[in-house]
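The values are calculated or read from the model by the stated rules, or taken from the named source; none is laboratory data. All figures in this text were calculated on a predicted structure; none of them were measured in a lab. Here the Cβ is made from the backbone with ideal geometry for all residues, glycine too, and neighbour counts use every protein chain on show.
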Amino acid sequence: MFDFSSKKTRESVEKSLDLLGVDSIDVIQIHDIEFAPDLDILLHETIPTLEELRREGKVHHIGVTGYPLNVLNNSILMAPGRFATVLSYARYTLIDQSLTDYLKTFHDNRLGVICAAGHAMGLLTNNGPQSWHPAPDGIKSICKEASDYCKRNGVELGKLAMHFFIQLDGVTTFLVGMQSAQLLNMNLDVYYNGLTGKENGVLEHLRETVFSKLEENETTNWEDIELDKYWMNFWDKKKKSKQ
């Protein structure tokens with residue numbers, strides 16, 4: 001279970017320092033803040049504890065991460081000047097570009113913007129996502145339609161997704177997960193050389209005829225799905241512990 005208390009925050013940082021074998025951490029991020037019972041605990045416990053650790057020289061910068069953009073936005077407005085970075089994942093992809101609606105607020109608050117998960121956590125790859133992926137079936141079905149089309153045409157959907165992802169202006173850096181040297185080389189290729197004519201044609205087809213279905217149905221994200229499941233399990237455990 002997520003624990004944003006002062007005690008757990010300090011324990012977590014101290015453990016990380018020990019495991020990494022370092023005296024300080026450049027950027028420590030308050031991760032997945034949507035799972036906090038409310039944002040007040042961040043304001044009164046998590047952030048003050050990290051600021052204390054910063055005064056001790058163990059932390060240099062404090063960041064915040066989460067999936068729901070409105071929650072990220074609210075946390076930043078609630079604690080102006082106290083964050084250095086904001087990490088948003090899977091919110092600037094071929095299926096969801098909603099991060100662009102929040103960049104002005106992030107810039108106004110002088111934040112380093114980290115844009116992550118351009119493959120939408122595996123949805124936008126030929127192999128598809130892991131079984132645990134929280135997206136609803138409608139999104140998964142359309143992304144599978146896209147990957148099937150790519151396979152038939154000998155194109156890797158992940159390369160198209162990466163090309164789109166790194167075109168976004170106004171972010172500080174892009175965060176990309178890679179499991180093999182082959183993926184690393186593919187990402188470097190698309191960064192330095194872009195797409196081939198064939199790949200551009202496939203991408204154009206997907207945007208016009210496949211991903212457009214998501215926009216028509218106004219289903220481009222999976223906000224609240226994980227959160228509802230998390231709190232349902234939390235209260236079920238609470239109930240069982242009292243029996």
Filter result for residue 79 (under 30 Å from residue 44 (Cα atoms) and either under 16 Å from the mean Cα position of the chain (by Cα) or aromatic (Phe, Trp, Tyr) (or both))
no
Filtered residue count, the stretch 44-78, keeping only those that are in a helix (DSSP H, G or I) and under 13 Å from residue 9 (Cα atoms)
11
Does the stretch 219-228 include one or more residues that are aliphatic (A, V, I, L, M) and under 30 Å from residue 35 (Cβ atoms)?
yes
Any residue in the stretch 147-160 that is touching a strand residue (DSSP E or B) at 6+ places or on another chain (Cβ under 7 Å) and surrounded by 11 or more Cβ atoms within 10 Å (Cβ to Cβ)?
no
Can you list residue pairs whose Cβ atoms sit under 6 Å apart, with the first residue in the stretch 72-84 being of a type in the set (Asp, Glu) and the second being part of a loop (DSSP other than H, G, I, E, B) and crowded, with 20+ Cβ neighbours inside 10 Å? Count only pairs 6 or more apart in sequence or on different chains.
none
Sole residue being touching a residue at least 40 places away in the same chain (Cβ under 8 Å), farther than 20 Å from residue 182 by Cβ and not in a helix (DSSP H, G or I), chosen from 114, 142:
114
Hey, does the stretch 37-47 have a residue that's surrounded by 14 or more Cβ atoms within 10 Å (Cβ to Cβ) and modelled with pLDDT under 95?
yes
Every residue in the stretch 145-189 that is among the charged types (D, E, K, R), within 21 Å of the chain's Cα centre (by Cα) and part of a helix (DSSP H, G or I), please.
159
Six or more apart or on different chains, Cβ under 6 Å: which pairs go from a residue in the stretch 13-36 that's under 18 Å from residue 57 (Cβ atoms) and surrounded by 14 or more Cβ atoms within 10 Å (Cβ to Cβ) to one that's of a type in the set (Phe, Trp, Tyr) and modelled with pLDDT under 95? Could you list them?
none
What residue, of 128, 122, is touching a Lys or Arg at 6+ places or on another chain (Cβ under 7 Å) and in a loop (DSSP other than H, G, I, E, B)?
128
Look through the stretch 82-119, keep the residues that are among the charged types (D, E, K, R) and under 14 Å from the mean Cα position of the chain (by Cα), and return whichever of them is farthest from residue 146 (Cα to Cα).
91
Restricting the search to the stretch 167-185, which residues are at pLDDT 95 or above and surrounded by 16 or more Cβ atoms within 10 Å (Cβ to Cβ)?
168, 171, 174
Filtered residue count, the stretch 1-40, keeping only those that are in a helix (DSSP H, G or I) and closer than 17 Å to residue 226 by Cβ:
3
Where residues in the stretch 190-202 are more than 23 Å from the chain's Cα centre (by Cα) and in a helix (DSSP H, G or I), which of them is surrounded by the most Cβ atoms within 10 Å (Cβ to Cβ)?
202
